[in-house]
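The values are calculated or read from the model by the stated rules, or taken from the named source; none is laboratory data. Given the structure is predicted, the values throughout are model-derived calculations rather than measurements. Every residue, glycine among them, receives a Cβ derived from its backbone with ideal geometry; neighbour counts consider all protein chains shown. In case anyone asks, the SASA skips ligands and DNA or RNA and just uses the protein heavy atoms, side chains included. Shrake-Rupley method; radii C 1.70, N 1.55, O 1.52, S 1.80 Å.
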Amino acid sequence: MIAKNKQELVNLWKNVDCVCFDVDSTVCINEAIDDLAEYAGTGSQVQELTKKAMGGNVTFKQALAQRLNIIRPSKKLVEDFIQSDKCKLTPKIKELVDLLNEKNVAVYLVSGGFRLFINPIADQLNVPRDRIFANTMIFDQNGNYESFDENEYTSESGGKARVIDFLKKNHGYNRVVMIGDGWTDYESCPPANGFIGFGGNVVRENVKSKSHWFVHDFQELVDVLRN
């Protein structure tokens, strides 16, 4: 069953058995690929492409390829960027994930971003790395950027929906909620049973206008789960 209004979505949230979080601008306050571009000196060009991708104006795979071809990040650049600790958790996300874990709700990180950036975030949240669905950069033998793995679910538009479909079929989840800020998150419901829009870091008006439930603070979700 798909939640068709806010009350149905609130009831679903109280009884959820699987939550899929977007990462950039949802679990984290920033968009990692924009910050990586800034770190590499190609910030403004890449931010424009990110806006187009999140707004649903170009296919996700096109925008991903274009951004990476501008940045062309070496393995060393990526490692140095991770060490610089640019990826900051959104306030209250740790509390929310801890509460979901306490309630034995399965938590997944489903992102159009990259595993290299998300692994340390998952570790901070006590989310097992095998519950990350994200993209993989491919480097040549000298550590130069080559491409990205186009077989990853989230490398193209509609990828998050395919992840949720896979999870429901393979793990038997019946009450799945997707939480995120972007259009790729919104379009994952269905097969998700509900979508909660998040605007605590950035508000995308096309997503907000379509959301039955749109929150600016994860505390709201914590409070509903506790009551």
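Worth a mention:
- Peptides 155-162, 66-73, 190-197 ordered by average Cβ neighbours within 10 Å, highest first: 190-197, 155-162, 66-73
- In straight-distance terms, cross-link reach from Lys92 covers every one of the aspartates and glutamates whose alpha-carbon lies under 19 Å from its own, apart from those fewer than eight places away in the same chain; here that gives Asp22, Asp24, Glu31, Glu102, Asp123, Asp181, Asp217, Glu220, Asp223.
- Residue-normalised accessible area of the chain, given per residue in Å² at a 1.4 Å probe: 45 Å²
- Rounded to 10°, Cα long-axis angle of helix 60-71 versus longest principal axis of the chain: 40 degrees
- Entry note, the chain: relative contact order of 27 percent, from Cα contacts under 8 Å with a spacing of 6+ residues.
- Fraction of accessible area attributable to carbon and sulfur, region 80-129 (%, probe 1.4 Å): 46 percent
- Computed lengthening from Glu48 to Gln124, 0.36 nm per intervening residue step minus Cα-Cα distance: 24.4 nm
- Note on region 28-157: percent of Cα-Cα distances in each 5 Å bin, starting at 0 and stopping at the bin with the largest distance, equals 2, 10, 18, 23, 21, 14, 8, 3, 1, 0.
- Remark: the chain carries a charge dipole of roughly 560 debye about the Cα centre, counting +1 on each Lys and Arg Cβ and -1 on each Asp and Glu Cβ.
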